[in-house]
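Below you'll find the structure, written out as structure tokens, and then a few comments.
The values are calculated or read from the model by the stated rules, or taken from the named source; none is laboratory data. Bear in mind the structure is a predicted one, so any value in this text is a computation, not a measurement. Because the Cβ atoms are built from the backbone with ideal geometry, glycine has one as well, and the counts that use them run over all protein chains shown.
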């Protein structure tokens with residue numbers, strides 16, 4: 001009788017593992033550090049790492065905003081990123 005309970009327990013675990021709600025699928029993302037230069041107002045910004053992912057170039061929002069005299073905030077309750085500039 002004990003073997004049947006163990007067998008049913010194992011089947012339950014396998015069923016949960018196959019459930020789409022049990023575990024999030026992991027995905028490996030590969031980024032390439034881009035050799036491109038970043039110019040803003042004809043001035044090259046140093047120290048910003050540009051990332052190439054799937055042919056698209058990604059730039060660091062906070063770094064660029066702060067270099068232009070602005071600020072970046074994040075509201076964790078709403079998941080909102082805000083960018084403010086100084087005029």
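Identify, please: which residue in the range 71-81 is assigned to a strand (DSSP E or B) and surrounded by fewer than 10 Cβ atoms within 10 Å (Cβ to Cβ) and is, among those, nearest to the chain's Cα centre (by Cα)? Lay out the reasoning, then the answer.
So in the range 71-81, the residues assigned to a strand (DSSP E or B) come out as 71-75, 80-81.
In the following step, the residues that additionally are surrounded by fewer than 10 Cβ atoms within 10 Å (Cβ to Cβ) were identified as 75, 80.
Numbers: 75: 16, 80: 14 Å.
Ranking the qualifying residues of the range 71-81, first place goes to 80.
Can you name every residue in the range 37-68 that is assigned to a loop (DSSP other than H, G, I, E, B), loosely packed, with under 10 Cβ neighbours inside 10 Å and more than 20 Å from the chain's Cα centre (by Cα)?
The first filter runs over the range 37-68 and keeps only residues assigned to a loop (DSSP other than H, G, I, E, B), leaving 37-38, 41-42, 45-50, 54-55, 59-60, 68.
Filter once more, so that each one left must be loosely packed, with under 10 Cβ neighbours inside 10 Å: 41-42, 46-47, 54-55.
The answer is 41, 42, 46, 47.
Could you list, ordered by first residue, the pairs with Cβ atoms under 7 Å in which the first is in the range 66-79 and on the phi < 0 side of the Ramachandran plot and without any contact (Cβ under 8 Å) to a residue 60 or more places away in the chain and the second is surrounded by 10 or more Cβ atoms within 10 Å (Cβ to Cβ) and part of a loop (DSSP other than H, G, I, E, B), at least 6 apart or interchain?
67/45
Whether any residue in the range 10-26 is surrounded by 10 or more Cβ atoms within 10 Å (Cβ to Cβ), in contact with a helix residue (DSSP H, G or I) (Cβ under 8 Å, 6 or more places away or on another chain) and modelled with pLDDT of 75 or more is what I want to check.
Checked against the condition, which is being surrounded by 10 or more Cβ atoms within 10 Å (Cβ to Cβ), in contact with a helix residue (DSSP H, G or I) (Cβ under 8 Å, 6 or more places away or on another chain) and modelled with pLDDT of 75 or more, the range 10-26 yields no hits at all.
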